[in-house]
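The values are calculated or read from the model by the stated rules, or taken from the named source; none is laboratory data. What you see is a predicted model, and the numbers here were worked out from it, not measured in a lab. Cβ coordinates were reconstructed from backbone atoms using ideal geometry, including for glycine residues, and neighbour counts include every protein chain displayed. SASA here: full protein model, heavy atoms, side chains in, ligands and nucleic acids out. Shrake-Rupley method; radii C 1.70, N 1.55, O 1.52, S 1.80 Å.
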Amino acid sequence: MQASRTIQARSRRGRGVLLAVLFAACAPAVQKSTELPSEAPPRVPAAFPSGWRYPSGQAVLFAEHATVASNSRLASEAGVEILRAGGNAVDAAVAVGFALAVTLPEAGNIGGGGYMVIRLADGRTTTLDYREVAPAAAYRDMFLDSTGTLTRAGIVGRAASGVPGAVAGLTAALSEYGSMPLDKVMAPAIRMASEGIVVDSALFSSILSKDTLIRQFGGAGIFLPGGKALTPGTRLVQSDLAETLRQIARDGAGGFYRGRVAELIAAEMRRDCPDGVPERQRASHACGVITTRDLEEYRPVWREPVRTTYRGFTLLSMPPSSSGGITVGESLNILEAFPVLPRFGSADYFHLVASAFQLAFMDRNSKLGDPAFATVPIEQLTSKDYARRLQKTITLARHTPTPEVATYSSEGMETTHYSVVDAKGNAVATTTTINSLYGSGVLVRGAGFFMNNEMDDFASQPGRPNQFGLVQGERNAIAPGKRMLSAMSPTIVLDPAGKVLLVIGGRGGARIITSVAEVILNVIDHRMSLSDAMNAPRIHHQALPDTLRYERGGIDDTTVERLKAMGYSTQALGKIEGSLTAIMRVRGGYQAMVDSRATGGAAGY
Ligand code: DON
């Protein structure tokens, strides 16, 4: 089965169940590297409430050898182009990363940062932290006004950006684990930026939803030519971005962090900033603080993955500066202390899962931060003993309130995750972000990309909620050179035989953690197929606000009433925006899927 196939994230009831059952049933005589252990029990078709909007049994891409899933079909195809040309999973991941900067300008980026988890077929594992850092001129209260009130300068405009890490990260990953030269893996991105891509309805809607922000800081010329959002079917050519990418392809990270591009970034920071503003009053929509020196000094960090286990499976995930790996691992460790979980969809099940998330988020919000600035108790938080102690604090059939209540606010937001597996079995899980949709809104003029607004991931005012409603502590306060705490959770799950089973991650701020954990529970505890596990209704609890959020139609009314009777305050959301992209190994190959809650596409061969 060599034909390359691409599939959009669209529902088609029925065929997926059939495929899943067939994969589970047909155990070929010869064991190949992609095969599941023969004792793996079959997957079980899921049953969702009748009002639930996503189907069970959805058809997904099947690839025999290698596959990529991302929030952009074009970017996934760029990755497969590299895989077919003999590149490995890291080559392809770097190609996808740069391609996303072109095809998904609202989230894919070179003006932000991210995390990569790598698991090589020979068993080696590592992670790369290329999260943004606070510029040298940043300080703890930079987003408080003279009355001590939080301003919006940490979310919108020039001061909202941390020093971007994406280019340093992608180039470092390639030189350490890739097999191809940089210009080769960047070729698809450069081609799409210079020749243009056809605007689809997803890009059109995202530009339209942020047109005021894009106009405010210089992006209109590219994305709103003549004052109107690029309509579906028109061509988006990004010449400045193409030139920036060419410079990186030629000079490596230096093409971004030194010279012309670095100077354009620093100039953009000063563009509308009035002369003579005292340094301590500079952080504002108009004045950014990133300098060429900040850019020159940026370095990504290689880190050991957070390695936890769940019912015999191994999770390899991101350590701090992301909270993702610890919080996913801690939640699952708490749940593992129950020998068996209640039936999916029952009030008892959602109660236990929400309680585990609530306890893990209490730790996340108070104990985690950049390990270069705060002591992070990774061993304790991921230990089974500690999880058992926490599990004993859960009262069956009764919600225990979180000690303090805060209000929840929400903003439009974007991040993007992509998963790659190559024909040798190397796997890469990468999540990258500029935080909100179109980041800070600031387009670096002449260089053609948006800057992030990652500074809002710091606790700008410890104890008060950020745009994700996360109430975080002193360990995540702003300091120069510090990485802001993230919730990104790129994760690789190995089956009990030590083979890659799932490559997963997503977007949605704090909801990334809970969504990733829920899909893992669906796959391991409920034995769902990949598409059922992804399409299943989700809940979210992040300790503060002390609210169990669920997807409208995903929990039936009787169950919601039971949860309320247990003491939960509940909130129905249109959808829980922890949209994921994932690859799962099945008999004879891989399935790859983009969340039905998002757009994008998988490709493979
Ligand atoms: O690093 C974080 O946790 C956030 N900046 C992620 C933002 C996000 O997922 C927004 N996506 N929809």
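Structural remarks
- Restricting the first member to the range 421-443 and to residues that are acidic (Asp, Glu), and the second to residues that are away from the ligand (no atom under 16 Å from the Cβ) and at pLDDT 95 or above, the beta-carbon pairs closer than 6 Å and six or more apart or on different chains are ASP422/ALA66; ASP422/LEU83; ASP422/ASN88; ASP422/ALA89.
- For the range 186-205, a residue qualifies if it is under 22 Å from the mean Cα position of the chain (by Cα) and either surrounded by 21 or more Cβ atoms within 10 Å (Cβ to Cβ) or basic (Lys, Arg) (or both), and the qualifying residues are MET186, ALA189, LEU203.
- Among the residues of the range 256-272, those identified as open to solvent by less than 20 Å² (accessible area, probe 1.4 Å) and in contact (Cβ under 8 Å) with a residue 60 or more places away in the chain are PHE256, TYR257, VAL261, ILE265, GLU268, MET269.
- Among (1) open to solvent by 10 Å² or more (accessible area, probe 1.4 Å); (2) of a type in the set (S, T, N, Q); (3) not in a helix (DSSP H, G or I) - the single one THR127 does not satisfy: (1)
- The range 138-169, subset closer than 17 Å to PHE458 by Cβ, modelled with pLDDT of 95 or more and not aliphatic (A, V, I, L, M), residue surrounded by the fewest Cβ atoms within 10 Å (Cβ to Cβ): GLY157
For (1) open to solvent by 60 Å² or more (accessible area, probe 1.4 Å); (2) modelled with pLDDT of 50 or more; (3) under 30 Å from ALA107 (Cα atoms); (4) β-branched (Val, Ile, Thr), each residue gets a yes or a no:
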{"position": "ALA9", "(1), (2), (3), (4)": "no, no, yes, no"}
{"position": "VAL21", "(1), (2), (3), (4)": "yes, no, no, yes"}
{"position": "GLN58", "(1), (2), (3), (4)": "no, yes, yes, no"}
{"position": "ALA63", "(1), (2), (3), (4)": "no, yes, yes, no"}
{"position": "ALA66", "(1), (2), (3), (4)": "no, yes, yes, no"}
{"position": "GLY79", "(1), (2), (3), (4)": "no, yes, yes, no"}
{"position": "ALA85", "(1), (2), (3), (4)": "no, yes, yes, no"}
{"position": "ASN88", "(1), (2), (3), (4)": "no, yes, yes, no"}
{"position": "ALA92", "(1), (2), (3), (4)": "no, yes, yes, no"}
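- Of all the residues in the range 308-324, those that are farther than 27 Å from GLY481 by Cα, of a type outside the set (Phe, Trp, Tyr) and in a strand (DSSP E or B) number 4.
- Residue in the range 575-592 that is within 23 Å of GLN542 (Cα to Cα), at pLDDT below 95 and open to solvent by 10 Å² or more (accessible area, probe 1.4 Å) present: yes
- Within the range 581-605, residues that are closer than 16 Å to ASP422 by Cβ and hydrophobic (A, V, I, L, M, F, W, C) have Cβ atoms under 6 Å from residues that are open to solvent by less than 10 Å² (accessible area, probe 1.4 Å) and outside any strand (DSSP E or B) in these pairs: MET584/LEU530; ALA602/SER76; ALA603/SER76; ALA603/VAL80, counting only partners at least 6 apart in sequence or on another chain.
- Annotation: of all residues in the range 437-446 being farther than 11 Å from ASN109 by Cα and buried (at least 24 other Cβ atoms within 10 Å of the Cβ), the one that is nearest to the chain's Cα centre (by Cα) is SER440.
- Test: residue in the range 406-424 that is more than 16 Å from the ligand (Cβ to nearest atom) and at pLDDT below 95: yes
- Considering THR314, THR327, the condition of being under 21 Å from the mean Cα position of the chain (by Cα), more than 16 Å from the ligand (Cβ to nearest atom) and not charged (D, E, K, R) is satisfied by THR314 alone.
- Residues of the range 361-381 that are outside any helix (DSSP H, G or I) and under 14 Å from GLY325 (Cβ atoms): LEU368, PRO371, VAL376, PRO377.
Conditions tested, residue by residue: (1) away from the ligand (no atom under 16 Å from the Cβ); (2) touching a strand residue (DSSP E or B) at 6+ places or on another chain (Cβ under 7 Å); (3) without any contact (Cβ under 8 Å) to a residue 24 or more places away in the chain; (4) within 30 Å of ASP525 (Cα to Cα).
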{"position": "ASP275", "(1), (2), (3), (4)": "yes, no, yes, no"}
{"position": "HIS285", "(1), (2), (3), (4)": "yes, no, no, no"}
{"position": "ILE290", "(1), (2), (3), (4)": "yes, yes, no, no"}
{"position": "VAL306", "(1), (2), (3), (4)": "no, yes, no, yes"}
{"position": "ASN333", "(1), (2), (3), (4)": "yes, yes, no, yes"}
{"position": "PHE344", "(1), (2), (3), (4)": "yes, no, no, yes"}
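- Apart from one condition, ALA172 fits all of (1) open to solvent by less than 20 Å² (accessible area, probe 1.4 Å); (2) in contact with a Pro (Cβ under 6 Å, 6 or more places away or on another chain); (3) not in a loop (DSSP other than H, G, I, E, B); the exception is (1).
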